[in-house]
4 protein chains.
Amino acid sequence: MTPIQVESMTKNTRARLALDAEGVTKLIDEQFPQLHATGRLIHVVDVAPRRARVRMIAAPQVIRPGGTISGPAMFTLADFSIYVAILAELGAAAVPAATASLNINFLTRPEAKDMLAEVKILRMGRRLVVGEVELNSEESGEIVAHAVGTYALPRTG
Amino acid sequence: MTPIQVESMTKNTRARLALDAEGVTKLIDEQFPQLHATGRLIHVVDVAPRRARVRMIAAPQVIRPGGTISGPAMFTLADFSIYVAILAELGAAAVPAATASLNINFLTRPEAKDMLAEVKILRMGRRLVVGEVELNSEESGEIVAHAVGTYALPRTG
Amino acid sequence: MTPIQVESMTKNTRARLALDAEGVTKLIDEQFPQLHATGRLIHVVDVAPRRARVRMIAAPQVIRPGGTISGPAMFTLADFSIYVAILAELGAAAVPAATASLNINFLTRPEAKDMLAEVKILRMGRRLVVGEVELNSEESGEIVAHAVGTYALPRTG
Amino acid sequence: MTPIQVESMTKNTRARLALDAEGVTKLIDEQFPQLHATGRLIHVVDVAPRRARVRMIAAPQVIRPGGTISGPAMFTLADFSIYVAILAELGAAAVPAATASLNINFLTRPEAKDMLAEVKILRMGRRLVVGEVELNSEESGEIVAHAVGTYALPRTG
């Protein structure tokens with residue numbers, strides 16, 4: 001596929017997004033002000049149709065002795081990132097979307113570095129959304145964890 | 001099965017435990033002093049062969065607006081509780097055991113109350129341990145989440 | 001708890017079941033006649049509120065060389081058994097219930113013997129049902145696999 | 001990344017494969033002759049480092065009334081396809097690799113058409129392999145299921 005085609009496809013599909021990265025960030029800040037109580041660790045980098053990219057800063061709160069990122073921090077990043085992709089696609093109406101299940105595989109012990117989550121929505125149903133997410137150690141690019149999550153959407157009037 | 005048999009079986013198998021609840025707590029405190037940096041939220045209540053019971057206090061850090069327990073806090077409790085059962089069974093040699101995967105189902109929105117995790121080890125292999133855990137809201141007794149985790153044991157010399 | 005209490009609890013709750021084991025079997029035979037095309041391998045043993053017990057016969061179709069039960073046969077048994085518990089609870093209206101996800105852990109290599117599935121429904125929601133199932137080798141009683149499945153219920157008018 | 005780089009990377013890494021598609025097929029035919037007892041439904045299309053592509057023919061045995069592919073058939077395809085990728089990478093030494101767990105999400109009801117499985121190995125450890133697989137309906141190209149599997153490798157001398 002040539003660059004020019006990619007460009008135009010991006011334009012077309014991007015038009016379907018309810019919110020861009022900035023819009024998602026603003027919505028989350030309004031809805032979940034407590035999220036950043038101990039500092040802003042998680043940043044929405046980019047969103048695209050059925051995709052999101054989210055960074056977690058390797059702050060002391062998520063680092064474990066021995067110089068690695070804690071499992072719960074990786075779970076939080078994976079879960080949050082899929083939620084970001086859902087909000088980008090559906091907008092504020094999807095704020096009540098709830099995690100129904102999450103299956104996470106820890107693949108390799110990560111270094112204590114920033115982590116980048118790459119989300120791909122596998123199914124955007126009317127009631128259920130299924131998304132997968134790869135967590136990569138940003139410096140090495142190595143995949144350190146992989147998760148698949150299922151989210152129940154709020155009922156629409 | 002008659003009560004007297006249950007009694008003797010309990011004695012026999014309990015003898016196989018490497019550590020009791022106090023021993024596991026002490027080991028974890030030594031190995032992971034940072035765990036209680038923001039207060040001691042998670043308490044080992046009881047251990048038995050292939051079983052563990054662990055309580056998480058509904059402290060402000062795990063409560064979300066709207067009066068519920070956060071998903072990452074439940075993930076942390078589930079993961080930690082299976083680890084407790086492994087330590088009770090195998091002792092200090094199992095400290096390097098690492099979560100390979102965890103599949104968690106969120107069943108109902110929990111109240112902002114203490115949570116009790118009930119672990120059952122399904123398989124205690126030489127290389128892999130599989131455990132399941134039910135998370136119950138302690139006041140109502142209602143099951144709020146269920147998880148199955150796989151743990152890789154350290155290689156033995 | 002005394003036997004007489006168990007008895008009366010069973011009566012009360014059993015009253016809530018839409019179908020008993022025979023009723024579920026008849027419904028499945030009508031709806032899925034092809035299921036037994038190669039012989040009747042799977043039998044509903046018993047149902048109770050949020051519970052089901054289902055047996056799979058160790059017929060040649062499910063046995064693998066080396067004398068074990070095939071993984072796909074265990075998946076089929078796990079999935080079918082949770083479906084049985086849903087039908088017992090909700091009746092014919094739940095026939096269109098569809099497996100949304102299934103997470104199965106293979107714990108030990110089973111012998112080529114009949115297998116007994118023990119289902120427990122963890123959540124019976126209006127839109128989603130979550131059930132867990134233990135697969136036991138009937139002769140040894142050993143647990144050989146464990147699964148958790150999520151099912152989407154048909155929309156009600 | 002320019003085409004010429006892709007080319008040379010492919011050459012380098014392809015050199016690491018123990019078996020090509022034909023070699024994997026031959027090995028499986030020798031080791032599991034019963035697999036094709038009812039006809040050859042599953043075909044290894046292509047393998048590459050940490051990748052495999054496998055097709056399942058929409059034969060009557062895998063079709064359900066209403067014109068869809070059965071869940072167990074999709075489980076079988078997902079499980080088999082990851083196994084193919086492992087054999088391609090490691091060769092005959094990996095024949096005893098055993099499925100430890102498999103998490104499958106059924107995304108949409110497939111048509112009764114051939115299905116193509118696309119495998120990506122997420123982690124190739126010394127003891128554990130983790131792979132993900134997308135199942136696509138070949139005609140529409142639509143993703144109908146997604147699975148993540150964990151495999152225990154045989155101990156090496």
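Each reported figure results from applying straightforward, stated rules to the coordinates on display, with no laboratory input. The model shown is predicted, which means the values in this text are computed figures rather than measured ones. Every residue, glycine among them, receives a Cβ derived from its backbone with ideal geometry; neighbour counts consider all protein chains shown.
Alpha carbon centre of segment D:99-143 versus segment D:22-59: separation in Å?
The two parts, judged by their Cα centres, are 15 Å apart.
Report the residues of segment A:124-145 in range of a label on D:THR108: point 7 Å along Cα→C-beta, backbone N strictly under 11 Å from it.
The answer is A:124-125, whose backbone nitrogens lie closer than 11 Å to the label point.
For segment B:55-109, what does the convex hull of the Cα positions come to per residue, in cubic angstrom? Write down the numbers at each step before the final one.
Numbers: hull volume 5.5 nm³, N = 55.
Given the Cα convex hull of segment B:55-109, per-residue volume reads 99 Å³.
Along Cα-to-Cβ, 7 Å out, sits the label point; list in nm, shortest first, how far the one on A:GLY67 is from those in the other copies.
Counterpart label points of A:GLY67 in the remaining copies fall at 4.7, 5.2, 6.1 nm.
Name the chain B residue nearest the rotation axis between B and C, going by Cβ position, and give the distance in whole Å.
In residue-and-Å form, the answer is B:ASN103, 2.
Treat chain C as a sphere of radius equal to its Kirkwood radius over Cα pairs and apply Stokes-Einstein at 37 °C in a medium of 0.692 mPa s; give the translational diffusion coefficient in µm²/s, rounded to a whole number. Before the final figure, lay out the partial values.
On the way: Rh = 16.1 Å.
Translational diffusion coefficient: 204 µm²/s.
Roughly how tilted is helix D:3-14, in degrees to the nearest 10 and between 0 and 90, from the longest Cα axis of chain D?
With both axes taken from Cα atoms, the answer is about 80 degrees.
So how tilted is helix C:71-90 from the main axis of chain C? Cα-based, degrees 0 to 90, rounded to 10.
Helix C:71-90 sits at roughly 10 degrees to that axis.
Against the 2.2 N^0.38 Å scaling, with N counting residues, where does segment B:93-134 land? I'd like the Cα-based Rg ratio to two decimal places. All intermediate terms of the calculation are to be shown ahead of the outcome.
Working: Rg = 13.3 Å, N = 42, 2.2 N^0.38 = 9.1 Å.
Rounded to two decimals, the normalised Rg is 1.47.
If we hang a label 7 Å off Cα along the beta carbon direction at B:ARG155, how far is it from the matching labels on the other copies, in nm, shortest first?
Listed shortest first, these distances are 1.2, 5.5, 5.6 nm.
Could you give the dipole magnitude of chain D about its Cα centre, charging the beta-carbon of Lys and Arg +1 and that of Asp and Glu -1, in debye to the nearest 20?
The calculated dipole for chain D is roughly 540 debye.
I want to check the label-to-label distance for B:ALA59 and B:VAL45. Put each point 7 Å from Cα in the C-beta direction and report it in nm to one decimal.
1.8 nm
Quick one: D:THR108, A:THR76, fewest Cβ neighbours within 10 Å first, how do they rank? Each step should come with its number before you reach the end.
Working: D:THR108 14, A:THR76 22.
Arranged by neighbour count, lowest to highest, D:THR108, A:THR76 become D:THR108, A:THR76.
So how tilted is helix D:21-31 from the main axis of chain D? Cα-based, degrees 0 to 90, rounded to 10.
Between helix and principal axis, roughly 70 degrees.
Using the beta-carbon distance between A:GLU22 and C:ASP20 and R0 = 41 Å, what value does 1/(1 + (r/R0)^6) give for FRET efficiency, to the nearest 0.05? Show your work: numbers first, answer last.
Numbers: r = 58 Å, r/R0 = 1.41.
My answer for the efficiency is 0.10.
In square nanometres, what is the average projected area of the Cα convex hull of segment B:78-157?
5.3 nm²
Rg and Dmax of the protein assembly as shown over Cα atoms: what are they, in angstrom?
Rg, Dmax (Cα atoms, Å): 24.3, 79.
Taking a label point 7 Å from Cα toward Cβ, how far is B:ARG16 from its twins in the other copies, in nm, shortest first?
Copy-to-copy label distances for B:ARG16: 3.5, 4.1, 5.4 nm.
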